[in-house]
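Below you'll find the structure, written out as structure tokens, and then a few comments.
The values are calculated or read from the model by the stated rules, or taken from the named source; none is laboratory data. Owing to the predicted nature of the structure, the values given are computational and were not obtained by experimental measurement. FYI the Cβ positions are ideal-geometry reconstructions off the backbone, even for glycines, and counts take in every protein chain you see. SASA here: full protein model, heavy atoms, side chains in, ligands and nucleic acids out. Shrake-Rupley method; radii C 1.70, N 1.55, O 1.52, S 1.80 Å.
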Amino acid sequence: MEDLKARVCAVIDDLACEFIETSHRIHETPELMFKEFKSAKMLEALLAKHGMTVESGIAGMPTAFKAWATTGARGTCGAPGTPSTRTCGTPGMPSTSAAPGPTIAILGEYDALPGVGHACGHNIIGTSAAAAGIALVKALGDVPATIAVFGCPAEEGGGGKIIMVREGWFKGVDAAMMTHPLPGESMIGGPNLATTSFVVKYYGKAAHAAASPHDGINALDAIMIAFTAISYLRQQVTEDVRMHGFVAQGGEASNIIPEYAEARYLVRAEKRATVDKIAERVRRCFEAGALATGARLEITEGMQYSERVVNHTLAGLLRDNMRALGIQVKDEIEKVRGSTDFGEVSQVVPAVNAYLSIAPETVASHSHEMAEASKSPVGDKGLLDAAKAMAMTAVDLICDPALLRKAYDEFESTMIRKK
Ligand SMILES: [Zn+2]
Ligand SMILES: [Zn+2]
């Protein structure tokens, strides 16, 4: 196993220039969610060049892909063309003995942010996932396994992974992992927040604000009433609940009663069930605004993100491998107060998500400084380290079926407890 770990690391070092160049090219071509056409193509070309079969445009998303290869004894599992139809490795039965071995999924992202480009370092995430997959396929040789690299669009608000889970692309996967760059100390991502979002529109009636206010229906007032009601609701919720939003449109001029107003709102909590309950009450607050003012209300509820399920077995392996590479990693599995669509993946397969430091903690995520760090020498090293740590963790799982079994048993018992 240690030989194999050394081999995957050597492959990553040999191809380091190519990986870093790809990461920088993605960085120089920042593309927003669902429009990551060039970035996805760069990664697909890299994976195909190194012998992986690429299926583009999966799950109905043109910028999503799956690249895969089977090593060792060849079987019928993991065939391309459709969401995995393999019968081995289905949940409840990790494919620990059947050829072609377990299926390990490594997830990459490559969407950028408006205005600040790759200020979340997704150029590193996408390239490190590809690098880990390539290293495993080259190093495993006769060791049977299926390595799948998933290209996941639209992490910054579009929920690409949620769509992929819904479409069945993680069926047959035995374990999934990814890493995310961050400012501050490296850590294993623990529980985060489930979330749901609202776009709220009120339609009122314009009128002269001084001459005939009585003829108007004030759409902005409806938002103010709703926000006030939500502020009162905030007193009656558990500590983990977060409710936050803003007025996206609130009128045109101070002498016109606003006839249209629009708000965006997010509700988050540690459990999806809590989010669902609170979302219903927030909805009633918005209805209160409409009732009080007479404005017509339209609510559109957005993508629902589930909380991340922590798999301590996988977390321990990934943390040990990061430490073996000389990375300082916090002992604790850290609570993260944000939300990610990786949560959805962790609800259907054993999964782990690590955060690798590429900048001091004084740098803010989603800032211009973080965008700089994502193409800096420290960022480049983070890319290679992330790829090595994930590939080494995959080696642990592929070579020691008992570890995979343990990860699966933990996943199963956690999910039973949640029900
Ligand atoms: Zn991110
Ligand atoms: Zn981000």
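Rounded to the nearest 10 degrees, the inclination of helix 122-140 to the longest alpha-carbon principal axis of the chain is 20 degrees.
Against the longest alpha carbon principal axis of the chain, how many degrees, from 0 to 90 and to the nearest 10, is the axis of helix 401-418 turned? Its long axis makes an angle of about 20 degrees.
Inter-label distance, GLU301 to ILE256: 3.4 nm, where each label sits 7 Å from its Cα along the C-beta direction.
A full extension of the chain between GLU332 and HIS312 corresponds to an added length of 6.1 nm, given 0.36 nm per residue minus the alpha carbon distance. Ellipticity at 222 nm from helices only: DSSP H runs of n ≥ 4 in the chain, each -39500 (n - 2.57), divided by the residue count, give -13000 deg cm²/dmol. Based on Cα contacts under 8 Å between residues 6+ apart, region 153-263 shows a relative contact order of 28 percent. Summing charges over neighbours of ALA359, with a neighbour being any other residue whose Cβ is under 10 Å away from its Cβ, gives -3 when K and R count +1 and D and E count -1.
Of the listed residues ASP240, ASP320, ASP341, the order by accessible area with a 1.4 Å probe, largest first, is ASP320, ASP240, ASP341.
Using a 7 Å offset from the Cα along the Cα-to-Cβ direction at both VAL378 and ARG166, what is the distance between the two label points in nm, to one decimal? If labels sit at VAL378 and ARG166, their model points lie 3.9 nm apart. Candidate cross-link partners of LYS66 among the lysines, defined by an alpha-carbon separation under 18 Å and a same-chain spacing of 8 or more, comprise LYS35, LYS38, LYS41, LYS49, LYS138, LYS161, LYS171.
In the context of the full set of protein chains, residues of the chain present 41 Å² of accessible surface per residue (probe radius 1.4 Å, heavy atoms only).
Over all pairs of different C-alpha atoms, region 240-360 has a mean inverse distance whose reciprocal, the Kirkwood radius, equals 18.0 Å. The listed residues HIS214, HIS24, HIS208, once ranked by accessible area (1.4 Å probe) with the largest placed first, stand as HIS214, HIS208, HIS24. Annotation: Cα Rg of region 194-301 relative to the compact-globule expectation 2.2 N^0.38 Å equals 1.13. Here the Gaussian network model covers the chain, with springs between Cα atoms less than 10 Å apart; of LEU140, LEU297, LEU43, LEU297 fluctuates the most.
Within the chain, the ratio Rg/Rh, alpha carbon atoms throughout and Rh by Kirkwood, equals 1.04.
Considering only DSSP beta bridges where both residues belong to the chain, give the percentage that are antiparallel (nearest 5). Let's see the in-between values first.
On the way: 40 of 61 bridges.
If we restrict to bridges inside the chain, about 65 percent are antiparallel.
Between the Cα long axis of helix 219-233 and the first principal axis of the chain there is an angle of about 60°, rounded to the nearest 10.
Two numbers describe the Cα atoms of region 367-413: Rg and Dmax, which are 16.3, 44 Å. A cut-off under 13 angstrom between Cβ atoms defines the neighbours of LYS277, and their net charge, with Lys, Arg +1 and Asp, Glu -1, is +2. By the equivalent-ellipsoid construction on the alpha carbon gyration tensor, region 1-69 comes out with semi-axes of 25, 16, 9 Å, ordered largest to smallest.
Using the Cβ-Cβ distance between ASP409 and ASP13 with R0 set to 25 Å, the FRET efficiency from 1/(1 + (r/R0)^6) comes to roughly 0.10. Counting 0.36 nm for each residue step from ASP400 to GLN236 and taking away their Cα separation leaves a gain of 54.2 nm. Across the chain, Cα pairs under 8 Å and at least six residues apart give a relative contact order of 22 percent.
Here the chain has 54 percent of its accessible surface on carbon and sulfur atoms, given a 1.4 Å probe and all protein chains in place.
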